[in-house]
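K.L.:
Below is a structure I'd like to ask you about.
What follows draws every value from the coordinates through simple rules; no lab data is involved. Keep in mind that this is a model prediction, so the values were computed, not measured. Here the Cβ positions follow ideal geometry from the backbone for every residue, glycine too, while neighbour counts run over all protein chains shown.
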Amino acid sequence: MKKSIFQLLLAIIMMAPVSLVAQSASTTIKKTTTPKKVVKKKKSTTSTASTTKAAEPKPIMPVMTFNTKFTDFGKVKTGDKPSMTYEFTNIGNAPLDIEICTGCECTEIDWTRTTVQPGQKGFVKAVFNTVKAEAEDHKKQLTKYVDIILKQTHPKNGYPLVESLKFDVFIVD
């Protein structure tokens, strides 16, 4: 008998905190769901040197922007050489020089070999040679990449500036 009374008291004690937590949670929900009035502050039309944050100057570096960075050659036969010329503009504030362009062994790459000044255009041409593709690459969708590594480095970290282009191709045999 003592044991069942003790278990009953223990159950009541354990239930009490749960009901208090539930009651507290419903109160919190009621408080957070009531809308608050938002007061907008007027922007000051005058600025002082102490409150105006100085604009950080743009880093001096070339920036390549492309008309497109992706091409889908679709289905091609062995022996075909689909190609794409990716045109870019240097929208940066420094001259741009391409150090090297890399791709797989089955991709022949040509690029602008002269300095591209800010505002000027350049190109990267990729030719996919299906004859050089591995036998296991036939009859399936392939995605190939061309990486462009510039001579210029990032002014903050010193790493070379790199861009990537890609194309899809399906060799049907």
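K.L.:
Suppose we keep only residues that are assigned to a strand (DSSP E or B) and polar (S, T, N, Q) within the range 153-170. Which one would you say is nearest to the chain's Cα centre (by Cα)?
P.N.:
Ser164
K.L.:
Name every residue in the range 82-101 that is of a type in the set (S, T, N, Q) and either surrounded by 14 or more Cβ atoms within 10 Å (Cβ to Cβ) or farther than 14 Å from Lys125 by Cα (or both), in order of residue number.
P.N.:
Selection gives Ser83, Thr89, Asn90, Asn93.
K.L.:
For the range 104-150: of the residues being surrounded by 19 or more Cβ atoms within 10 Å (Cβ to Cβ) and small (Gly, Ala, Ser), which is nearest to Asp72 (Cα to Cα)?
P.N.:
Filtering the range 104-150 for residues that are surrounded by 19 or more Cβ atoms within 10 Å (Cβ to Cβ) and small (Gly, Ala, Ser), the one nearest to Asp72 (Cα to Cα) comes out as Ala126.
K.L.:
Restricting to the range 79-110, count the residues that are closer than 19 Å to Thr153 by Cα and part of a strand (DSSP E or B). Before you say what the answer is, go through the steps one by one.
P.N.:
From the range 79-110, those closer than 19 Å to Thr153 by Cα are 88-102; that's our starting set.
Next, from what is left, pick out any that are part of a strand (DSSP E or B): 88-90, 96, 98-102.
Residues that pass the stated criteria total 9.
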